[in-house]
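Worksheet: the structure to be examined is printed underneath.
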Amino acid sequence: MHKKWNQRRLKKMADLCGHGLILDIGFCSNPNVFLKGKVIGVDLRSCKAPSNYWTTIAASGEALSFLNQIDDICAGEVIEHLENPIKFLVECNKALKQGGKLILSTPNPHYLGDFLRNVLGNVKSLYADTHFYLFP
């Protein structure tokens with residue numbers, strides 16, 4: 001993933017979030033230094049979080065233990081890695097307060113650059129071992 005593009009994506013996701021209680025799901029690979037508020041990093045593995053994170057939790061996004069407590073959820077480049085993305089979406093819905101937002105990003109297989117890579121047979125980026133689904 002191109003670093004400049006990734007920074008713009010993270011900034012845009014952070015701009016869509018408020019300043020309340022925010023979950024950043026799957027943050028270890030790509031922590032969002034632009035998030036404001038009380039940020040909780042959620043990931044299957046433990047890792048060092050940036051200074052703007054309040055705390056971290058080792059957990060699955062498919063098994064969140066929050067009920068109507070979260071203002072916003074960020075999940076950048078995560079949903080394609082999940083075995084059960086519907087369960088993930090249901091868990092996010094349960095965790096969010098009324099009016100809360102779920103902000104997702106995922107690789108787009110219909111993006112021209114990826115489309116051309118597919119045509120030319122270079123599908124490593126979209127069809128990684130860890131990608132269960134592609135969402136256009």
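Scanning region 1-32 for residues that are modelled with pLDDT under 90 and among the aliphatic types (A, V, I, L, M) yields one hit, 1.
Candidates are the residues of region 16-49 that are at negative phi and small (Gly, Ala, Ser); the one that is least open to solvent (accessible area, probe 1.4 Å) is 41. Restricting the first member to region 46-65 and to residues that are over 13 Å from residue 26 (Cα atoms), and the second to residues that are open to solvent by 60 Å² or more (accessible area, probe 1.4 Å) and of a type in the set (Val, Ile, Thr), the beta-carbon pairs closer than 8 Å and six or more apart or on different chains are 50/33; 52/33. Scanning region 11-36 for residues that are touching a Gly at 6+ places or on another chain (Cβ under 7 Å) and aliphatic (A, V, I, L, M) yields a total of 4. Scanning region 1-40 for residues that are among the polar types (S, T, N, Q) and either in contact (Cβ under 8 Å) with a residue 60 or more places away in the chain or under 22 Å from residue 63 (Cβ atoms) (or both) yields 29, 30, 32.
Can you find a residue that is among the small types (Gly, Ala, Ser), on the phi > 0 side of the Ramachandran plot and more than 10 Å from the chain's Cα centre (by Cα) anywhere in region 61-81? Show your work before the answer.
At the first step, the residues of region 61-81 found to be among the small types (Gly, Ala, Ser) are 61, 63, 65, 75-76.
From the residues that got through so far, the ones that are on the phi > 0 side of the Ramachandran plot too are none.
No: zero hits.
If you go through region 50-87 and pick out every residue that is surrounded by fewer than 18 Cβ atoms within 10 Å (Cβ to Cβ), polar (S, T, N, Q) and in a strand (DSSP E or B), you end up with 1.
Can you tell me which residue among 97, 4 is out of contact with any helix residue (DSSP H, G or I) (no Cβ under 6 Å at 6 or more places or on another chain), of a type in the set (Lys, Arg) and in a strand (DSSP E or B)? Explain how you work it out, then say what you get.
On the way: 4 fails: in a strand (DSSP E or B).
None of the others qualify; the one that does is 97.
The values are calculated or read from the model by the stated rules, or taken from the named source; none is laboratory data. This one's a predicted model, so the numbers in the text were calculated from it and none came from an experiment. Note that each Cβ is placed from the backbone with ideal geometry, even for glycine, and that neighbours are counted across all protein chains shown. Heavy atoms of the whole protein, side chains included, go into the accessibility calculation; ligands, DNA and RNA do not. Shrake-Rupley method; radii C 1.70, N 1.55, O 1.52, S 1.80 Å.
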